[in-house]
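A quick write-up on the structure given underneath.
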Amino acid sequence: VVLVSARGHYSVEKIARILGIGNHNVIKIPVDTENRIDIDRMRQVCAQIREQNERSDEKTKIIAIIGIAGTTETGNIDDLVELRRIADENDTFFHVDAAWGGALLIVDKYRHLFRGIDQADSVTFDAHKLMYSPLSMGMILFRNETALNYIKHTSNYIIRPDSVDQGRFTVEGSRPFSCLKPWVTFKIFGKEGFRILFDHAFDITETLRDIVTRHPDFEPMNVPDIFIFNYRYVPRKIQARLDALMLEIGDESDPYRLIKLLKKLRRINDALNDLTIELHRAVRQEDNSFVSRTMIESTRYSPQKIVVLRAVTINPLTTPEILKEIVDEQSALGARIYQSEFVDILEKL
Ligand SMILES: Cc1ncc(COP(=O)(O)O)c(C=O)c1O
């Protein structure tokens, strides 16, 4: 099995399927409300596997533990130091998926965010994400170069044992000179250029979070470490009802009444999920800005899955004024959709 958090990128299951491990053997460990892997749950799952192995003839091998350094949906970084420890306790391989966040390591002042990444057995990172290189330029680095021997291959007409041809250690055979892209990007921007880009990305992420948090008709849904912010349109009236309901749920001791309150909460969030999908469609239709959408369970309404708008705030040309305009447009569209399709449903609930 491979262990990764519920925020693991879909490519983990995809590759497990391709390798014949099967995506059912990718075990998704829950995350906390900050979207970081729940370390205690991870230890529990590993302990369960060890116990089962002692009792049964059919053994389960933990092939790898994966930590995420920049979750795709929420921009958070797992506790890599603890994950390394857990990998050692279980005598297994520790991979870090830094596809999204890894390029921040270029800038010294942001390296602390990735504490523990230097202890990984392998790390992926994508130049076509935070290195701002053209698609596609995924990379993987191995601690131990002999790990590459698993995919090493030679032939009589090319990549002979002593050759330096491309493709000696890759799944692809013939390959383009892809690393030209990050090399050029690095030459043009340099460390200082990346510092400017990342400082700006941190600033606009904070600005967007601030605009949304202060706006009475939006609900912020995550606190990112790096540049991905989730939120949804919730009219202030409905937000007040949600807040009151959450308090009631927290205080309710009668199980029967508690179930009724939870059902009500679920119905409100179901309607809000539909509203967010409609709003997302409307934003795409207007085509003045782009925001993506996803569905996560790690909000204050956990375990219910909540549809959120997912803003990736890395465009160096984005200004606070542009962000304000975008939120104003989304607010106007949200109000229109709410009035025309959801006011009856949501105010009756
Ligand atoms: C954390 C993470 N891992 C892996 C990937 C896969 O990246 P790609 O297919 O773009 O190389 C992504 C892309 O979004 C990602 O965010």
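What to note about this one:
- Distances between placed amide hydrogens fall under 5 Å for ASN222 paired with ASN230, all partners being 5 or more residues away or on another chain.
- Taken over the stretch 2-126, the convex hull of the Cα atoms encloses 99 Å³ per residue.
- Along the stretch 32-47 the Karplus relation, 6.51 cos²θ - 1.76 cosθ + 1.60 evaluated at θ = phi - 60°, assigns HN-Hα couplings of 7, 6, 9, 6, 9, 4, 7, 5, 5, 5, 4, 5, 4, 4, 5, 5 Hz to successive residues, with x for each Gly and Pro.
- Set against the 2.2 N^0.38 Å expectation for a compact globular protein, the chain has a Cα radius of gyration ratio of 1.14.
- Gap separating the Cα centres of the stretch 82-137 and the stretch 201-228, nearest whole Å: 24
- Backbone geometry of the stretch 194-203 corresponds, through the Karplus equation with coefficients 6.51, -1.76 and 1.60 at θ = phi - 60°, to 3J(HN,Hα) couplings of 5, 4, 5, 4, 6, 4, 5, 4, 4, 4 Hz, x marking Gly and Pro.
- Accessible area ranking (1.4 Å probe, heavy atoms, ligands and nucleic acids excluded), largest first, for HIS24, HIS280, HIS128: HIS24, HIS128, HIS280.
- With Cα atoms defining each centre, the stretch 11-39 and the stretch 243-273 are spaced 30 Å apart in the structure.
- Rounded to 5, the percent of DSSP beta bridges in the chain classed as antiparallel: 60
- In a reduced charge model with +1 at each Lys and Arg Cβ and -1 at each Asp and Glu Cβ, the chain shows a dipole moment near 520 debye about its Cα centre.
- Residue-by-residue Karplus 3J(HN,Hα) for the stretch 227-238, coefficients 6.51, -1.76, 1.60, Hz, glycine and proline x: 6, 9, 10, 10, 7, 8, 7, 9, x, 3, 4, 6
- The stretch 230-280: C-alpha gyration tensor shape, a/c 1.5 cut-off, then a/b vs b/c: prolate
- The residues of the stretch 2-126 expose, per residue, 48 Å² of accessible area to a 1.4 Å probe.
- Space enclosed by the convex hull of the alpha-carbon atoms of the stretch 185-348, per residue, Å³: 118
- Sequence of LEU135, LEU346 from largest to smallest accessible area, 1.4 Å probe: LEU135, LEU346
- Look at the Cα gyration tensor of the stretch 242-336: its axes a ≥ b ≥ c give a/c of at least 1.5 with a/b over b/c, and that counts as prolate.
The values are calculated or read from the model by the stated rules, or taken from the named source; none is laboratory data. It should be emphasised that the depicted structure is a prediction, and the values quoted were computed from it without experimental measurement. Using ideal geometry, Cβ is built from the backbone for each residue, glycine included, and neighbour counts are taken over all protein chains shown. In case anyone asks, the SASA skips ligands and DNA or RNA and just uses the protein heavy atoms, side chains included. Shrake-Rupley method; radii C 1.70, N 1.55, O 1.52, S 1.80 Å.
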